[in-house]
Amino acid sequence: METNPSLPIQHFITKEQLATLPLVTFPGRITVIETHDSAVEALQALNTEAVVGFDTETKPSFRKGAPNKMSLIQLSTLDHCYLFRINKTGFIDELAAFMLDQSVLKIGLSIKDDFYVLHRSVDIEPQGFIDLQSYVREFNISDSSLQKIYALLFRGRISKGQRLSNWEAPELTEHQQIYAAIDAWACLRIYLHLRDGHFKP
């Protein structure tokens, strides 16, 4: 359970405080998308949403000057996260259209970094995005990492253990799927919590 009564409401959190918090679990359904048809079906569902969480993963490169293309795009509602394995499907036109659609608000963190990697795969300028790193400043939150912002609001610790795993493996492990889903879902949950006035600066 993501509660810790000993931790008062505050606008920043230390590494020591973060380490005492319980690990976050993903409460919803995860769908891994590996074909064009399943991607189109998932996007049809996502297009009915007003706002979704967004994140990406890229296979780490340990050779200087040899960056990889984006491997995964995560798009999440509060109870269902879709993991688009674009290393398998390619960056399909329907996904590009979703990234350009301003009618569905997409919430991410440090999205300029995501867009930089995205441009290795497709030449588009995504629209309809909010970057939490900027948004949280309106609430006098000084921390800028997803892990710390989430901990401040919900008293839970997001594990970063899968960050450097192989996102282009033939099959994503359960731990990879959960890690990827939590990051996109957490962005959405943070935004809705702040937008709806549950955290007073």
Worksheet, complete the sentence: For region 8-59, Rg(Cα) over 2.2 N^0.38 Å is 1.74
Item to complete: For CYS81, list long-range residues whose amide hydrogen, built 1.01 Å from N in the peptide plane, is under 5 Å from its own amide hydrogen.
Response: ARG29, ILE30, THR31
Item to complete: Mind sorting out which of (1) 1.20; (2) 1.56; (3) 1.01 is the real Cα Rg over 2.2 N^0.38 Å computed from the coordinates?
Response: (3)
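Carbon and sulfur: what percent of the chain's accessible surface (1.4 Å probe)?
Working: 5130 of 10170 Å².
Here carbon and sulfur together make up 50 percent of the probe-accessible area.
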Worksheet entry | trypsin sites (Lys or Arg not before Pro) restricted to DSSP loop in region 9-82 with at most 11 other C-beta within 10 Å | ARG63, LYS64
Worksheet, complete the sentence: Quick note, region 103-201: a/c under 1.5 would make it rounded; otherwise a/b > b/c is prolate and the rest oblate (a ≥ b ≥ c, C-alpha gyration tensor); here it is oblate
Response to the item:
For the chain, the dipole about the Cα centre with charges only on Cβ (Lys and Arg +1, Asp and Glu -1), to the nearest 20 debye, works out at 840
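Given contacts defined as C-alpha pairs under 8 Å and at least six residues apart, what's the relative contact order of region 93-201, whole-number percent?
Working: 88 pairs, mean separation 30.2, N = 109.
Relative contact order for region 93-201 comes out at 28 percent.
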Worksheet entry | Cα-projected label distance for GLU125 with LYS15, points at 7 Å along beta-carbon direction, nm | 3.9
Fill in: the chain: relative contact order as a whole-number percent, Cα under 8 Å and 6+ apart
31
Item to complete: Counting helices only, and only those DSSP H runs with n ≥ 4, report the 222 nm mean residue ellipticity of the chain as the sum of -39,500 (n - 2.57) divided by its residues, in deg cm²/dmol to the nearest 500.
Response: -10000 deg cm²/dmol
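The values are calculated or read from the model by the stated rules, or taken from the named source; none is laboratory data. Since the structure is predicted, the reported quantities are computational estimates derived from the model, not experimental observations. Here the Cβ is made from the backbone with ideal geometry for all residues, glycine too, and neighbour counts use every protein chain on show. For the accessible areas, the whole protein counts, side chains as well, though only heavy atoms, and no ligand, DNA or RNA atoms are used. Shrake-Rupley method; radii C 1.70, N 1.55, O 1.52, S 1.80 Å.
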